[in-house]
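Right, one structure below, let's go through it.
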Amino acid sequence: KTKYSKLIFRKSDTVPEELHQMVQEGFLTLRKHGCFFQDLVRIKGKDFLTPVSRILIGNPGCTYKYLNTRLFTVPWPTEGYDIKYCSPQIQDACKALIRLNDYLHIEAVKALEGQNFFETKEIKDTTVIDREQNFTTSLTEKGSVSKDQSSYCAPEDDYVSLRNRTSYNVTLLNYMDPLQMVYLKQEPYFGMGNMAVSWHHDENLVERSTVAVYSYSCEGSAMEESDEPKPEGRDPAVWHVGLKVAWDIETPGLAIPLRQGDFYLMLDDLNMTHQHCVLAGFSPRFSSTHRVADCSRGTLEYIFGRCELALQNLQTDSDSVALSLKSLEAAVVKQVEEIHNEVEFEWLRQFWFQGKRYLKCTDWWLKPMAKLEELWKKMEIMSSLVLSEVGKKEQIKEKRKETINSFLLVLTERQRLRKEWTAR
């Protein structure tokens, strides 16, 4: 109650049976179609394959970046988007996950309201309580959270903040069979046993946003008992989530058993003030980890906007096919070349580096990536134009020097990154 009050744990019997069935079938379908992949991530300049296999599902055009690797969502069915899936079963799995997403959103809103009520200890006006109940009911009835939620009449900023911090835009699905793992690290501080995922904070999230995790261990499919000595107070056959206060090993750690269909919520700033790990059981396990990813620089809309900005400096003469640059100002050249780098290294290379795997689910990303590549080619031409322009005698010496300096800086970085990506 004192150190882990923002962790909310719910047993599987609180979740509708129909939802369990849909989601668990969805997990098994995605696994059967080979849609879970180990990621090649970069830590301290070295590349590692993750022991856990993953897939990102979420809003169309959304991405999620962790450990220098950008994952691209397999889009879940969304109104206004034409998404073709490789099979009806994969479509059903994505449908099930958006249903789970809506359910966990409602649970997170309730939990946050409960926390605020508890923390302020104010006796609320009963009409406000009624309104909150209406809000939650209306969400439940509508099934999807994205529709109008006008029945909730709390102060606008509270409501917006609550919605922003619980409107999950992606879920990162994980799968791991511990019996296939040659070696699992031991939890180092509290003797909690085998770790599937080491102590960490989730990164690239909207500040103070809730993380919701649904757990499904395929119990009965592996030996449930073993001769290994049991760490005190923890059954090694059962999967657990471990929590500790960040940078503190004096405060006792917490290990919570995760049975089939349990879920938990990390509310508010818990993900920042605490670290969590996943402790392996004996049976294979799936989890669906719903997040409010910080997409300020991670959506297609954002990167196409950046391209538009860069290409404003490209002059196309209406009479001829000749291309030229509108400005050779150092600041303009630098901005265009930085966008050029961003398109190449944050998007095109990140996608094609492991992007072919998404074709097992959908070809949705191929069109936008082809469009980005066309824009990148134009930026390559713009780089050549800068070079030929600064080579001309009639340029003013000082301005020319300034342009070359800022251009060279970005070009050197491009060269370094191209070498790094070739090696990866």
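Comparing Gln395, Phe351, Leu385 along the charge dipole axis of the stretch 300-423, the residue lying farthest to the positive side is Phe351, per the Cβ-charge model.
Using just its DSSP H runs of length 4 or more, each adding -39500 (n - 2.57), the chain gives a mean residue ellipticity at 222 nm of -12500 deg cm²/dmol after division by all residues. Calculated FRET efficiency, Asp92 to Val321, Cβ-Cβ distance, R0 = 56 Å: about 0.65 to the nearest 0.05. Our coupling estimate for the stretch 99-114, obtained by passing each phi through the Karplus curve with A = 6.51, B = -1.76, C = 1.60 and θ = phi - 60°, is 5, 4, 4, 4, 4, 5, 4, 4, 4, 5, 4, 4, 5, 5, 4, x Hz, Gly and Pro reported as x. Near Leu254, once Lys and Arg are set to +1 and Asp and Glu to -1 for all other residues with Cβ below 10 Å from its Cβ, the sum equals +2. Fully extending the segment from Lys378 to Arg416, taken as 0.36 nm per residue of separation minus the present Cα-Cα distance, adds 11.6 nm. For Arg297, neighbours were defined as the other residues whose beta-carbon sits under 12 Å from its Cβ, and their charges (Lys and Arg +1, Asp and Glu -1) total -1.
Taken about its Cα centre, the stretch 1-88 carries a charge dipole of about 740 debye when Lys and Arg each add +1 at the Cβ and Asp and Glu each add -1 at the Cβ. Between Val390 and Asn164, the FRET efficiency from the beta-carbon distance, with R0 = 56 Å, is close to 0.75.
In whole percent, what relative contact order does the chain give with Cα contacts below 8 Å and a gap of six or more residues?
Details: 673 pairs, mean separation 80.9, N = 424.
Here the relative contact order equals 19 percent.
Suppose the chain between Glu18 and Ile256 were pulled fully straight at 0.36 nm per residue; how much longer would it get relative to their current alpha carbon spacing? Length gained between Glu18 and Ile256: 83.2 nm. Between Asp269 and Lys3, residue separation times 0.36 nm minus the direct Cα-Cα distance comes to 94.5 nm.
Using +1 on the beta carbon of Lys and Arg, -1 on that of Asp and Glu, and nothing else charged, what's the dipole of the stretch 300-423 about the Cα centre, debye to 20? Before the final figure, lay out each step's value.
On the way: 21 positive and 20 negative charges, 90 e Å.
Result for the stretch 300-423 is approximately 440 debye, rounded to the nearest 20.
Computed over protein heavy atoms with a 1.4 Å probe, the carbon and sulfur contribution to the accessible area of the chain reaches 53%.
Placing +1 at every Lys and Arg Cβ and -1 at every Asp and Glu Cβ, with all other atoms neutral, what dipole size does the chain have around its Cα centre, in debye to the nearest 20? Mind showing how you got there, number by number?
Working: 55 positive and 60 negative charges, 305 e Å.
Here the size comes out at about 1460 debye.
Accessible area per residue for the chain, computed on protein heavy atoms with a 1.4 Å probe, is 51 Å². Projecting the Cα atoms of Ala322, Asn164, Phe37 onto the charge dipole of the chain (Cβ charges, centred on the Cα centre) puts Ala322 farthest toward the positive pole. What is the percent of Cα-Cα separations in the chain that go past 33 Å? Summing the P(r) of the chain above 33 Å gives 44 percent of all pairs. The lysine pair tally for the stretch 300-423, using Cα distances under 17 Å and a gap of 8 or more places or different chains, is 12.
Note the direction-averaged projected area, equal to a quarter of the hull surface, for the Cα convex hull of the stretch 300-423, in nm².
On the way: hull surface 35.5 nm².
Projected over every direction and averaged, the Cα hull of the stretch 300-423 covers 8.9 nm².
For the chain, the share of DSSP beta bridges that are antiparallel, to the nearest 5, is 95%. Here the calculated FRET efficiency for Tyr81 and Leu409, from their Cβ-Cβ distance with R0 = 35 Å, stands at 0.35, rounded to the nearest 0.05.
Among the lysines, which have Cα under 17 Å from the Cα of Lys6 when same-chain residues fewer than 8 positions away are ignored? Straight-distance partners of Lys6: Lys110, Lys121, Lys244. Place a label point 7 angstrom from the Cα of Lys185 along the Cα-to-Cβ direction, then list the residues of the stretch 54-80 whose backbone nitrogen is under 19 Å away. Output list for this probe position: 54, 66-69.
Among the chymotrypsin sites (Phe, Trp or Tyr not before Pro) within the stretch 56-121, those in coil by DSSP and having at most 15 neighbouring Cβ atoms inside 10 Å are Tyr81.
The values are calculated or read from the model by the stated rules, or taken from the named source; none is laboratory data. Model, not experiment: these values are computed from the prediction. In this analysis, Cβ positions are derived from the backbone assuming ideal geometry, glycine residues included, and neighbour counts consider all displayed protein chains. We work out accessible area using only protein heavy atoms, side chains counted, and drop any ligands, DNA or RNA first. Shrake-Rupley method; radii C 1.70, N 1.55, O 1.52, S 1.80 Å.
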